[in-house]
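*Asks:* First the structure, which I've put down as structure tokens, then a few questions once you've had a look.
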Amino acid sequence: MKLVVCCLFFLFIGIFAFGQELVFKNSNGKSIHLKKGDQFSVFYKGYLGQKQYSNHDFLYKTDSSIVVGVAAKPINQKVADYLLMKGQLQKEILYKDIIAFRRISAGRKLLKSTLNIAAIIGFTFLLSENYGNEKTSFGQSFLYSLAGGISISLLINLALPENPKYKMEDGWQVQP
């Protein structure tokens, strides 16, 4: 009896620990593994056939769909109710409705955040002499900072985009 219970326990753990991975395979042999917690950027066909976009964390899969949404539960009940009302806590997307996708790993998110912080600090040091200069007005300094911030954000977003890259029409298939 104990052996049966142990086997069932390990089977249950194995299904939930290793079974929550989704694989996208290309006809060329390339595969992308989507693990629980990865950010998933996707274009899909909505309720009325319109093209919709979602950029949330991959939570789990079923036999015919994936569920994406917010992995952490909001502490404030009003925020949780608002997100639930707007449909932003969880969203179920059928495999057949996926048009294009991109997996964004935790390392990529960390790299993007690190680059943003480093760019802000570097730009602050670069303009620090300009801020102390009496020839530059507050408005000019503000406009320099604004232009620098916008250009840095655009460059980082060009280097590390989050828009869906892989199109299902190019031979990608979901293997649940």
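The values are calculated or read from the model by the stated rules, or taken from the named source; none is laboratory data. None of these values were measured; they are calculated from a predicted model. Cβ atoms come from the backbone with ideal geometry, glycine included; neighbour counts cover every protein chain shown.
*Asks:* So V79 ticks every box in (1) aliphatic (A, V, I, L, M); (2) modelled with pLDDT of 75 or more; (3) part of a helix (DSSP H, G or I) but one. Which box is left unticked?
*Replies:* Answer for V79: the failing condition is (2).
*Asks:* Quick one: in the range 26-47, of everything that is over 16 Å from E92 (Cβ atoms) and more than 19 Å from the chain's Cα centre (by Cα), which residue is surrounded by the fewest Cβ atoms within 10 Å (Cβ to Cβ)?
*Replies:* Going through the qualifying residues, I end up with G29.
*Asks:* Could you list, in sequence order, the residues of the range 87-107 that are free of Cβ contacts under 8 Å to residues at least 24 places away in the same chain and either acidic (D, E) or touching a helix residue (DSSP H, G or I) at 6+ places or on another chain (Cβ under 7 Å) (or both)?
*Replies:* Scanning the range 87-107 gives a single hit, L89.
*Asks:* Select from the range 37-63 the residues that are in a loop (DSSP other than H, G, I, E, B) and at negative phi and write down the one among them that is modelled with the highest pLDDT. Show your work before the answer.
*Replies:* Step one: filter the range 37-63 for residues in a loop (DSSP other than H, G, I, E, B), giving 37-38, 46-50, 62-63.
Imposing the further condition that a residue be at negative phi reduces the set to 38, 46-48, 50, 62-63.
On the way: D38: 85, G46: 84, Y47: 82, L48: 84, Q50: 90, T62: 87, D63: 87.
The residue in question is Q50.
*Asks:* Between a residue in the range 150-162 that is farther than 20 Å from F43 by Cβ and any residue that is of a type in the set (G, A, S) and surrounded by 12 or more Cβ atoms within 10 Å (Cβ to Cβ), which pairs come within a Cβ distance under 7 Å, given they are 6 or more apart or on different chains?
*Replies:* Every condition considered, the pairs that remain are I152/A119; I156/A119.
*Asks:* Can you confirm whether G122 is surrounded by 12 or more Cβ atoms within 10 Å (Cβ to Cβ), touching a helix residue (DSSP H, G or I) at 6+ places or on another chain (Cβ under 8 Å) and more than 19 Å from I66 (Cα to Cα)?
*Replies:* No; evaluated as a whole, the condition is false for this residue.
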